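The values are calculated or read from the model by the stated rules, or taken from the named source; none is laboratory data. Predicted, not measured: the structure shown is a model, and the values here were computed from it. Ideal geometry is used to build each Cβ from the backbone, glycine not excepted, and the neighbour counts take in all protein chains shown.
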């Protein structure tokens, strides 16, 4: 790679880049993708985590700037979509040649106008660093058109170097941090996180002790063990000692003998969390009852009203089969990284409920009701259709909005759509006895 002709114009400095490629890469689309190896999977996840950390870094670099509501929406869309795509593709277990590069190019296309609008508003900004960053990012976007022939990839080190162009701290290493990032929430317009009070632990499980129990025990045999080992790294959940005991969470561990009491306790908890979210929401009052229905039916579908599970006289938080989503509302830790406290999501059922309610409020207000109002023709949908849309996005991200509308039009719903709507109908018609099917069985 070497410089070519340099031209100056009143509006730009144009520098040609000449390249020589030894080998032309051609993707054979007729050959089925091979399953990704364990070694490649580890590198793939490490590189993506660096990319996700880079994306958070450049988004929060705008935290001191004035962003419009539309800008904040774009930033949130980009973050959620890239994370949902990662989780989905990882579970497929197939190797994609330039997954991170593709996400970078797609994200930068949408981020670039926001950054350019903010450049220069703050005279304290390192303008040279911004200029270098823009130049490098734009160059990658331009090279993307010929990258299959060049084999260009984006590495962790490359992302670190790009991030340092915007950072005053040149020791930046792009750690994949799992705690709450207040700046990220502020930039995205999410406000303060739910109150994180009460004891929690970093440990994976708690001993039940010597008392008699009547709890259902779960089996791990159906888990995808290889993917799980990478999706939930040991470093995520190791600690020397616990600050919580089984006694603290016992009322929230399901017992057959106290079935009715347990269900009513969870319903009351969810109603309280729903009211808390609505108090801070701009959702019109006519949709409040619908919102409450969606919260209850989502908790039923996602966890069958459970925060915890018991196995071999030990209790742990409920974890999805792919080890990404936890607790009562099955909040995805990777997708909502930086926006919620991971330990409280796992061990504090009230916090988990509040987080899930906040996410549902976001999808109902900004991603459904507001979006429908802007649709051409003033299209209106009944409450049942709105509930389907919100859950599809809760389960699969903002990109599901258009997809669920197409599925609705064709009448070809996914199994997850059908299962959720079953729970929604049961909640709507107060058929609470049906929750026995998943809590007890039969």
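Just to be sure before I move on: is residue 246 modelled with pLDDT under 95, in contact with a helix residue (DSSP H, G or I) (Cβ under 6 Å, 6 or more places away or on another chain) and either in the same structural domain as residue 178 (by TED's automatic domain parsing) or more than 19 Å from residue 333 (Cβ to Cβ) (or both) in the structure I sent? Explain how you work it out, then say what you get.
Values: modelled with pLDDT under 95: yes; in contact with a helix residue (DSSP H, G or I) (Cβ under 6 Å, 6 or more places away or on another chain): no; either in the same structural domain as residue 178 (by TED's automatic domain parsing) or more than 19 Å from residue 333 (Cβ to Cβ) (or both): yes.
Judged against the criteria, residue 246 is not a match.
Considering only the range 148-159, I want to know if a residue exists there that is modelled with pLDDT under 65, loosely packed, with under 12 Cβ neighbours inside 10 Å and either assigned by TED's automatic domain parsing to the domain that holds residue 118 or over 26 Å from residue 3 (Cα atoms) (or both).
The answer is no; no qualifying residue exists.
In the range 397-442, what residues are assigned to a loop (DSSP other than H, G, I, E, B) and within 18 Å of residue 293 (Cβ to Cβ)?
Listed by number, the residues that qualify are 429, 430, 431.
Checking the condition in the same structural domain as residue 111 (by TED's automatic domain parsing) and either out of contact with any strand residue (DSSP E or B) (no Cβ under 9 Å at 6 or more places or on another chain) or at pLDDT below 80 (or both), which residue from 55, 13, 18 passes?
Sole residue among the options that is in the same structural domain as residue 111 (by TED's automatic domain parsing) and either out of contact with any strand residue (DSSP E or B) (no Cβ under 9 Å at 6 or more places or on another chain) or at pLDDT below 80 (or both): 55.
In a loop (DSSP other than H, G, I, E, B), in contact with a helix residue (DSSP H, G or I) (Cβ under 8 Å, 6 or more places away or on another chain) and modelled with pLDDT of 65 or more: is that true of residue 176 in this structure?
Values: in a loop (DSSP other than H, G, I, E, B): yes; in contact with a helix residue (DSSP H, G or I) (Cβ under 8 Å, 6 or more places away or on another chain): yes; modelled with pLDDT of 65 or more: yes.
Yes, satisfied.
If you take the residues of the range 404-433 that are surrounded by fewer than 15 Cβ atoms within 10 Å (Cβ to Cβ) and in contact with a helix residue (DSSP H, G or I) (Cβ under 7 Å, 6 or more places away or on another chain), which of them is modelled with the highest pLDDT?
419
Is it the case, given these coordinates, that residue 331 is closer than 30 Å to residue 48 by Cα and either buried (at least 19 other Cβ atoms within 10 Å of the Cβ) or at pLDDT 95 or above (or both)? Spell out the reasoning first.
Details: closer than 30 Å to residue 48 by Cα: yes; either buried (at least 19 other Cβ atoms within 10 Å of the Cβ) or at pLDDT 95 or above (or both): yes.
Yes, satisfied.
Checking the structure you have, find out if any residue of the range 359-376 is crowded, with 18+ Cβ neighbours inside 10 Å and touching a strand residue (DSSP E or B) at 6+ places or on another chain (Cβ under 9 Å).
yes
Can you tell which of 350, 323, 346, 306 is modelled with pLDDT of 95 or more and assigned to a loop (DSSP other than H, G, I, E, B)?
306
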